[in-house]
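The next block holds one structure in the form of structure tokens; read it before the comments.
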Amino acid sequence: MFFGAVIFAIIWSLIALFIRKHPETMSGYNMMPKHKREKINIVKIGQLVSNTMFAGVPFALLSPLMPNKGLFMLLLVGIPCGMLLAVAVYVNVCHKKFEK
């Protein structure tokens, strides 16, 4: 289980690095009309998403220490994905903070 958690953490970190370097690849940005894309500060959103993904890595690395499989899966996948979902809701609700 430990190696699985480490592999998940490495893949999760690589995705976070990719989003930090190429924030325009995030879902929904390329589907927006060009005049709306020009108003969005995609670099700021990319940094927020990337930082949130990096914050989820310690939970994944601590997951093998859990006594049962339910807590293991919660720490491995549930909390990092939940944090990412919370950021997606925050960006959609508070979108004025991310305008240029």
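The values are calculated or read from the model by the stated rules, or taken from the named source; none is laboratory data. Here the structure is a predicted model, which means the values were calculated and not measured. For neighbour counting, all protein chains shown are included, and Cβ atoms are generated from backbone atoms with ideal geometry for every residue, glycine included. We work out accessible area using only protein heavy atoms, side chains counted, and drop any ligands, DNA or RNA first. Shrake-Rupley method; radii C 1.70, N 1.55, O 1.52, S 1.80 Å.
Taking the Cα centre of segment 8-100 as the origin and placing charges on Cβ (Lys, Arg +1; Asp, Glu -1), which of ALA88, PHE72, ILE11 is farthest toward the positive end of the dipole? Farthest along the dipole direction, towards plus: ALA88.
On the protein heavy atoms, probe 1.4 angstrom, tell me the percent of accessible surface of the chain carried by carbon and sulfur. Percent of accessible area from carbon and sulfur atoms in the chain: 71. Label reach from VAL6 (point 7 Å along Cα→C-beta): in segment 28-67, amide nitrogens under 19 Å belong to 57-66. For the chain, what percent of Cα pairs sit more than 19 Å apart? For the chain, the share of Cα pairs beyond 19 Å comes to 47 percent. When ARG20, ARG37 are compared by accessible area at a 1.4 angstrom probe, the order from most to least is ARG20, ARG37. Each Cα pair under 8 Å and six or more residues apart adds its sequence gap; the mean of these over the residue count of the chain is a relative contact order of 33 percent. Restricting to lysine pairs 8 or more places apart or on different chains, what number in the chain have Cα atoms under 27 Å apart? Lysine pairs meeting both conditions in the chain amount to 21. In a reduced charge model with +1 at each Lys and Arg Cβ and -1 at each Asp and Glu Cβ, segment 19-84 shows a dipole moment near 260 debye about its Cα centre. Close amide-amide hydrogen proximity is noted between ILE40 and LYS100, each under 5 Å apart and 5 or more residues distant or on a separate chain (H modeled in the peptide plane; Pro and chain starts excluded). Of the whole protein surface, GLU99 contributes about 80 Å² of accessible area at a 1.4 Å probe radius. For segment 47-95, relative contact order (Cα pairs under 8 Å, six or more residues apart, normalised by length) works out to 42 percent.
For segment 85-91, the Karplus equation 6.51 cos²θ - 1.76 cosθ + 1.60, evaluated at θ = phi - 60°, returns couplings of 5, 4, 5, 4, 5, 4, 5 Hz by residue, with Gly and Pro reported as x. Net length available on complete extension from ILE15 to ASN92 is 25.6 nm, with 0.36 nm assigned per residue and the Cα-Cα distance removed. For segment 31-38, putting each phi into the Karplus relation 6.51 cos²θ - 1.76 cosθ + 1.60 with θ = phi - 60° gives couplings of 7, 6, x, 4, 5, 7, 4, 5 Hz, in residue order, rounded to whole numbers and with x for Gly and Pro.
With protein chains left intact and a 1.4 Å probe, residues in the chain average 66 Å² of accessible area per residue. For segment 1-58, relative contact order (Cα pairs under 8 Å, six or more residues apart, normalised by length) works out to 48 percent.
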